[in-house]
Amino acid sequence: MTSMRTLPHVDRVGVAERVAALGKRSIKGDAKRQGLLLAISMLDLTTLEGADTPGKVRQLAAKAVTPSPAYPEMPSCAAVCVYPAMVSVARDAVAGTGVHVASVATGFPAGQTPLATRLEEVRLAVADGADEIDMVISRDAYLRGDDAVVRSEIEAVKDACGDAHLKVILETVELGSYDHVRHASMLAMDAGADFIKTSTGKAAEGATPGVILVMLEAIRDYVERTGRVVGMKPAGGVSTSKAALGVLVLVKETLGDEWLTPDLLRIGASSVLNDLLLQYAKTESGRYGRAEDFSKE
Amino acid sequence: MRWDYSPAPESTDHVRLRDRYGLFIGGEFVEADAYAPTINPATEEPLAEIAQASAADVARAVDAARAAAPGWAALSGLERGKYVFRIARLIQERARELAIVETLDGGKPIKESRDIDIPLAAAHFFYYAGWADKLAYGVPVPPARGAVRPRGVVGQVIPWNFPLLMAAWKLAPALATGNTAVLKPADTTPLTALLLAEILQEAELPDGVVNIVPGDGSAGAALVRGAVDKVAFTGSTAVGRDIQAALAGRDVGLTLELGGKSANIVFEDAALEQAVEGIVQGIFFNQGHVCCAGSRLLVQESVAEQVVDRLWARMQSLRVGDPLDKNTDVGAINSAAQLSRIGELVAAGVEEGAGLRQVSCSLPDRGFWFAPALFTEASPAHRVSREEIFGPVLTVTTFRTHAEAVEKANNSPYGLAAGIWTDKGSKAFEVAAQLRSGVVWQNTYNHFDPTAAFGGFKESGFGREGGAAGLRPYVKVEGE
């Protein structure tokens, strides 16, 4: 069902025009305030650095739970997203708050480790308290054309996840074309992905509006075909409020308002939160604030 | 959760319309005997009182153009080009104001007048300004023939669907080639042409080189029958026929850009997602008030259900309403008369059993509105498949083979435009060559560019506007 032959082609020029048109939507007033809060509630607040320490993860988690004490109406972020070694720290830091713990596993970001160790990594992260796993697909297998391997690996990871939600990262910039992005999206959903996710944030390019649109269209077609609802996570590159509101517009006008919930839409980012806070503060006070008005972490 | 866009109206604060606009003759605004209001079709409120040119006024305007003709033609191409460049730049400077007025007067969404109409109008003046001193290259002449000369005085009658853009299509090549002009804007949308008159004054265009005479059909009829050397008309096929009959046997050049019922052909190997988007752009752009609108969708049977389902779903997300709102996709119908014509043809389609589906969206109480509609069971024999509706109404017909698609596309009295959607280059070229259409778009629709020639076959008219081809109707080659 997901062979390339049965999927319609994607026209790059048409995609560019559509995202340019949707990029001109004017989001003002209440729509902007609501959109900013919505975007905050969908954030997978992320730190994925070699230099991450328990202290840094705890600070990030605190910020995810309470993005800004100045605005009690502000929701928590959806999750904190960390490397497997930091899962237990994050779990303790968000315990009882409703904020999820997501972990990138499976040899993130390259995925170039043996399947056995990737699966073990997933099991350990889940055992430590991750309730969401962000895996990378094997771009090596995908680019060789071995769809069966890509699919069976996703199925194996899904199995290793147990009750944890699985987000499948396509790393779209490495797939080479929108046709591949659409096809890989279908492959991941057929293999059991709960979410499909654009990027690791570690490659040359992250979530572009074009890639997001093509993946959303794949989700819409998959849901129509199977009835199973799948979520979307743009990650990497959504670094401004404008970009985050742009994601909401793309989702609203492609999948509809039903997808505008943290259960079905996440935005993977670290630096965007402070811009969302600044913009929100501006809608409240009518003037632009300073970066120092908010804690960095 | 439900997330609605808040209203995002474009501010009209800096737009200062006069209470009344006279006729623009001989470089100045002059009074007329009669005035009529032009209204905002989205609210039915009057915007300004507009002079209504009488036959005598039109004759005065032609005289002014005649008097200005020798001096204008005697200027070097380089000098004429400077004026045309200046007009282009002034349009850019006043772009925001022009866009708002275009939307107020015509009902089209501000995003279209802002991003398409006004920038393209400026682009046409820029493009033809560049030709002014290069005519020998734009109009190749056999060595035995003489020089390229302007025709003299041209009479130009333009439609209401792209008011400023159509004025630019007409005036830019006429001025670049050394003609003087009398332009008659449409009676429901005269305002931007009159703002253009102000721009011509600001550009210090010599008096009488362009004269603008608003009015109804009688002013247009007087103009095309007046003492002009060339007529350019864009509008309905019926009026085009009248003009051609009136000019028979006279040495008056004529170009006609008339109606259309253009086919948008979707093959099974198309990028369907983008094809659906192209279908939407093809028919709902400017409320379907587009002569080259892709109003007949021909879709290959194997993907027809999928395409129609997606199209219908996509139509639900069209935002219909206040044309000044930056998020509006479909604005107001241009006039009460046009709304009733659309209503009449759609009623005929329902009666014929063409299977109407119409988006149910809330429409403003006042003004002229028509929700986007689709006839899913349209047969080629139905009136709605043959007559130009000039509104946001699409007919859908299926085909099985390549040959059938071409046959159905060509089976129309019109031949203005067509769209082909396929991922196969060879198929696109083969089908394009078989279509009797002046314009063929591949994997896109309703894209305009001043460098590309535009014009029709059959009852869609003759002559080309745009590109180097657009120079030809405005010149005579000595010895011709």
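Placing +1 at every Lys and Arg Cβ and -1 at every Asp and Glu Cβ, with all other atoms neutral, what dipole size does chain A have around its Cα centre, in debye to the nearest 20?
Charge dipole of chain A: 860 debye, to the nearest 20.
Could you sort B:Lys458, B:Lys111 by accessible area so the largest value comes first, with the probe set to 1.4 Å?
Correct descending sequence by accessible area is B:Lys458, B:Lys111.
Write down the Kirkwood hydrodynamic radius of chain B, to one decimal in angstroms, obtained as one divided by the mean of 1/r over all alpha carbon pairs.
22.8
Suppose we look only past 23 Å in the calculated P(r) of the range B:355-480. What percent of the Cα-Cα pairs does that tail hold?
47
Which order do B:Asp117, B:Asp242, A:Asp146 take by accessible area at a 1.4 Å probe, largest first?
B:Asp242, A:Asp146, B:Asp117
Quote the charge dipole size of the range B:241-287 about the Cα centre in Debye, to the nearest 20; the model charges only the Cβ of Lys and Arg (+1) and of Asp and Glu (-1).
Numbers: 3 positive and 7 negative charges, 78 e Å.
With Lys and Arg at +1 and Asp and Glu at -1, about 380 debye.
Can you give me the Cα centroid spacing of the range A:1-69 and the range A:209-224 in angstrom?
Cα centroid of the range A:1-69 versus Cα centroid of the range A:209-224: 15 Å apart.
For the range B:102-130 and the range B:258-302, write down the distance between their C-alpha centroids in whole Å.
Rounded to whole Å, the Cα centres lie 22 Å apart.
Could you point to the residue in B:Pro41, B:Gln92, B:Leu17 farthest towards the positive end of the range B:12-96's charge dipole, with +1 and -1 charges on the Cβ of Lys/Arg and Asp/Glu respectively?
Of the candidates, B:Gln92 comes out farthest on the positive side.
Given the C-alpha atoms of the range B:406-480, compute the convex hull and give its volume per residue in Å³.
112
Before I look further, what does chain B give for accessible area per residue, probe 1.4 Å, in whole square angstrom?
Result: 36 Å² per residue.
Where in the range B:106-137 does the label zone of A:Ala20 land, with the point 7 angstrom along Cα→C-beta and an amide N cut-off under 20 Å?
The answer is B:109-127, whose backbone nitrogens lie closer than 20 Å to the label point.
What does the convex hull of the Cα atoms come to per residue for chain A, in Å³?
Measuring per residue, one finds 125 Å³ for the Cα hull of chain A.
Can you give the accessible area buried between chains A and B, summed over both chains, with a 1.4 Å probe, in Å² to the nearest 100?
Summed over both sides, the interface buries about 2500 Å².
Quote the accessible area belonging to B:Phe390 in square angstrom, nearest 10, computed with a 1.4 Å probe and with ligands, DNA and RNA left uncounted.
40
Give me the percent relative contact order of the range B:326-371, please, defined on Cα pairs under 8 angstrom at least 6 residues apart.
Relative CO of the range B:326-371 lands at 51 percent.
Considering only protein heavy atoms, what is the solvent-accessible area of B:Val157 at a probe of 1.4 Å, reported in Å² to the nearest 10?
Rounded to the nearest 10, that gives 10 Å².
Please give the FRET efficiency for A:Arg144 paired with B:Glu93, using the beta carbon to beta carbon distance and R0 = 51 Å, rounded to the nearest 0.05.
Efficiency, rounded to the nearest 0.05: 0.35.
Take the Cβ-Cβ distance between A:Thr283 and B:Leu318 as r, set R0 to 25 Å, and report the resulting FRET efficiency rounded to the nearest 0.05.
Computed FRET efficiency for A:Thr283 and B:Leu318: 0.35.
Could you give the C-alpha radius of gyration of the protein assembly as shown expressed as a fraction of 2.2 N^0.38 Å, taking N as the number of residues it contains?
1.09
What is the magnitude of the charge dipole of the range B:122-250 about its Cα centre, with +1 placed on the Cβ of each Lys and Arg, -1 on the Cβ of each Asp and Glu, and no other charges, expressed in debye to the nearest 20?
660
Suppose a student asked you for the relative contact order of the range A:1-117, using Cα pairs under 8 Å spaced at least 6 residues apart; what percent would you report?
The normalised contact order for the range A:1-117 reaches 21 percent.
Convert each backbone phi in the range B:393-407 into a coupling constant with the Karplus relation 6.51 cos²θ - 1.76 cosθ + 1.60 (shift: θ = phi - 60°), then list the ³J(HN,Hα) values in order as whole Hz, x for Gly and Pro.
Here the 3J(HN,Hα) series is 10, 10, 9, 10, 9, 9, 9, 9, 10, 2, 5, 5, 4, 5, 4 Hz.
Cut-off 10 angstrom, C-alpha nodes, Gaussian network model of chain A. Which of A:Met74, A:Met232, A:Met42 fluctuates the most?
Largest GNM mean-square fluctuation: A:Met74.
Using a 1.4 Å probe on the protein chains only, how many percent of the accessible area of the range B:375-480 belongs to carbon and sulfur?
52
Angle check, please: helix B:191-202 long axis (alpha carbons) against the longest principal axis of chain B (alpha carbons), in degrees 0 to 90, nearest 10.
Once rounded, one gets 40 degrees.
Kindly tabulate the residues in the range B:1-19 with an accessible-area decrease of at least 40 Å² between the chain alone and the assembly of all protein chains, using a probe of 1.4 Å.
B:Met1, B:Trp3, B:Tyr5, B:Ser6
Would you pull out the residues with amide H under 5 Å of B:Leu416's amide H, same chain only if 5 or more places away, H placed 1.01 Å from N?
B:Lys261, B:Gly438, B:Phe457
Largest first and to the nearest Å, give the Cα extent of the range A:203-252 along each principal axis.
So the three principal-axis extents are 34, 23, 14 Å.
Can you compute the modelled spin-label distance between B:Val141 and B:Arg400, with each label point 7 Å from Cα toward Cβ, in nm?
That separation, rounded to one decimal, is 5.7 nm.
Taking a 28 Å limit on the Cα-Cα distance, which of the listed pairs A:Lys158/A:Lys242; B:Lys134/B:Lys427; B:Lys82/B:Lys170; B:Lys170/B:Lys261 fall beyond it? Let's see the in-between values first.
Values: A:Lys158/A:Lys242 34 Å; B:Lys134/B:Lys427 37 Å; B:Lys82/B:Lys170 18 Å; B:Lys170/B:Lys261 23 Å.
From A:Lys158/A:Lys242; B:Lys134/B:Lys427; B:Lys82/B:Lys170; B:Lys170/B:Lys261, over 28 Å: A:Lys158/A:Lys242; B:Lys134/B:Lys427.
If the viscosity is 0.692 mPa s and the temperature 37 °C, what translational diffusion coefficient in µm²/s does Stokes-Einstein give for the range B:1-128 when Rh comes from Kirkwood over Cα pairs?
Stokes-Einstein gives a translational diffusion coefficient of 188 µm²/s.
With r defined as the distance between the Cβ atoms of B:Glu351 and B:Ala74 and R0 fixed at 60 Å, what FRET efficiency is calculated, to the nearest 0.05? Don't jump to the answer; show the numbers that get you there.
Working: r = 61 Å, r/R0 = 1.01.
With a Förster radius of 60 Å, E is 0.50.
Of the DSSP beta bridges with both residues in the protein assembly as shown, give the percent that are antiparallel, rounding to the nearest 5.
If I count the DSSP bridges inside the protein assembly as shown, around 25 percent turn out antiparallel.
Over the Cα atoms of the range A:42-84, what is the Rg over Rh ratio if Rh follows Kirkwood?
On the way: Rg = 10.9 Å, Rh = 10.8 Å.
Result for the range A:42-84 is an Rg/Rh of 1.01.
The values are calculated or read from the model by the stated rules, or taken from the named source; none is laboratory data. All of these numbers come straight from a predicted model, not from anything done at the bench. Counting neighbours? That spans all protein chains shown, and the Cβs are built from the backbone with ideal geometry, glycine included. In case anyone asks, the SASA skips ligands and DNA or RNA and just uses the protein heavy atoms, side chains included. Shrake-Rupley method; radii C 1.70, N 1.55, O 1.52, S 1.80 Å.
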